[in-house]
Amino acid sequence: MNRLVRLEWKKLKQKSIMGEVIIYWFILLGLPVFFVKVVSADFGQSFDSLFELIQSIQRGIVLLGASLISQVFIDEYKNKTISLSFGYPISRKKLFTAKVMFIAFFIFLTTIVSYLLTGAATFLMNQMFPFVYFSITGSNLVSYFSGMITGSFMVTLISFIPLFFFAIWRRATILTVICAITAMNLPNFSSIFQLNSELIVIMLCGIGALSLFLSIKTAESVGEV
């Protein structure tokens with residue numbers, strides 16, 4: 001399985017992917033300062049409000065997930081290169097599992113690094129141009145790192161929402177991207193639905209997990225060329 005996962009990475013345009021990741025990191029690490037300074041100073045009033053802002057910003061990596069899904073699944077269908085993969089002496093379910101594991105690992109690791117870069121950049125910027133109106137304590141750091149793990153896991157699950165219907169079944173790149181944009185922004189409009197944003201995130205994670213399950217479960221049938 002490890003060999004299959006590594007093979008998925010080798011098949012991609014690695015420099016292009018890493019370039020895209022660096023752009024995401026560069027944009028996301030500066031957004032907390034922008035929102036506190038330009039949108040609302042309330043984000044800097046407490047650790048909880050600032051961390052909630054950082055968590056919502058990290059959901060932007062869901063769009064990177066859509067890009068990976070498009071390249072790992074949709075492009076292979078369109079280019080017919082997936083037919084070669086189906087010729088391997090392994091089941092399609094195992095092949096799809098390897099593809100999913102690669103995407104999950106890549107998104108999770110990218111989000112972890114993004115949290116670390118964003119946290120460090122926010123701290124350093126606050127030292128130069130104070131905009132946070134609370135003292136950072138040891139418990140804050142513990143909460144940040146634990147929330148980082150949980151948040152990265154959630155981002156990974158939400159990234160898989162378009163996988164089954166839009167990528168494997170419909171094989172539609174544009175719809176996959178639109179679905180990802182909708183999913184990553186939906187919690188920000190929780191007040192419109194009169195729901196707690198955390199509840200919406202949990203629901204999105206559930207949908208992502210279901211999409212993930214169906215993608216692997218039906219690989220032998222829906223996964224046909």
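The values are calculated or read from the model by the stated rules, or taken from the named source; none is laboratory data. Computed from a prediction, not measured in an experiment: that's the story for all the values here. No Cβ is skipped: glycine too gets one built from the backbone with ideal geometry, and neighbour counts run over all protein chains shown.
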Of all residues in region 201-225 being aliphatic (A, V, I, L, M), buried (at least 17 other Cβ atoms within 10 Å of the Cβ) and farther than 15 Å from Cys179 by Cβ, which is nearest to the chain's Cα centre (by Cα)? Val201
Out of all the residues in region 30-42, which are assigned to a helix (DSSP H, G or I) and surrounded by fewer than 21 Cβ atoms within 10 Å (Cβ to Cβ)? Gly30, Leu31, Val33, Phe34, Phe35, Lys37, Val38, Val39, Ala41, Asp42
So which pairs qualify, if the first residue must be in region 5-32 and under 24 Å from Leu124 (Cα atoms) and touching a residue at least 40 places away in the same chain (Cβ under 8 Å), the second must be surrounded by fewer than 13 Cβ atoms within 10 Å (Cβ to Cβ) and among the acidic types (Asp, Glu), the Cβ gap must be under 8 Å, and the two must be at least 6 apart or on different chains? none
If I ask for residues that are in a helix (DSSP H, G or I) and closer than 21 Å to Val39 by Cβ, which ones from region 104-143 would you list? Ser114, Tyr115, Leu117, Thr118, Gly119, Ala121, Thr122, Phe123, Leu124, Met125, Asn126, Met128
Pairs please, first residue from region 80-92 and assigned to a helix (DSSP H, G or I), second anywhere and at pLDDT 75 or above and surrounded by 11 or more Cβ atoms within 10 Å (Cβ to Cβ), Cβ atoms under 6 Å, 6+ apart in sequence or on different chains. Ile82/Glu76; Ser85/Leu95; Arg92/Ala219; Arg92/Glu220
Picking from Ile178, Ile112, the residue that is at pLDDT 95 or above, more than 11 Å from the chain's Cα centre (by Cα) and among the aliphatic types (A, V, I, L, M) would be Ile178
Given the residues Ile216, Ile200, Ile161, Ile168, which is the only one that is of a type in the set (A, V, I, L, M) and without any contact (Cβ under 8 Å) to a residue 40 or more places away in the chain? Ile200
Among the residues of region 133-155, write down those that are at pLDDT below 95 and among the β-branched types (Val, Ile, Thr). Ile136, Thr137
Within region 57-70, does at least one residue satisfy the condition of being of a type in the set (Ser, Thr, Tyr), over 30 Å from Lys37 (Cα atoms) and in contact (Cβ under 8 Å) with a residue 12 or more places away in the chain? yes
Pick from region 145-187 the residues that are in contact with a helix residue (DSSP H, G or I) (Cβ under 9 Å, 6 or more places away or on another chain), of a type in the set (Gly, Ala, Ser) and in a helix (DSSP H, G or I): which of them is surrounded by the fewest Cβ atoms within 10 Å (Cβ to Cβ)? Gly147
Close pairs from region 114-126: first touching a residue at least 24 places away in the same chain (Cβ under 8 Å) and surrounded by 15 or more Cβ atoms within 10 Å (Cβ to Cβ), partner assigned to a helix (DSSP H, G or I) and among the small types (Gly, Ala, Ser), Cβ under 7 Å, at least 6 apart: Tyr115/Gly151; Tyr115/Ser152; Ala121/Gly30
Quick one: in region 188-225, of everything that is assigned to a helix (DSSP H, G or I) and small (Gly, Ala, Ser), which residue is modelled with the lowest pLDDT? Ser197
Which listed residue, of Leu163, Leu212, Leu157, is in contact with a Phe, Trp or Tyr (Cβ under 6 Å, 6 or more places away or on another chain) and within 14 Å of Ile69 (Cα to Cα): Leu212
Checking the structure you have, find out if any residue of region 125-132 is within 25 Å of Phe213 (Cβ to Cβ) and modelled with pLDDT of 90 or more. no
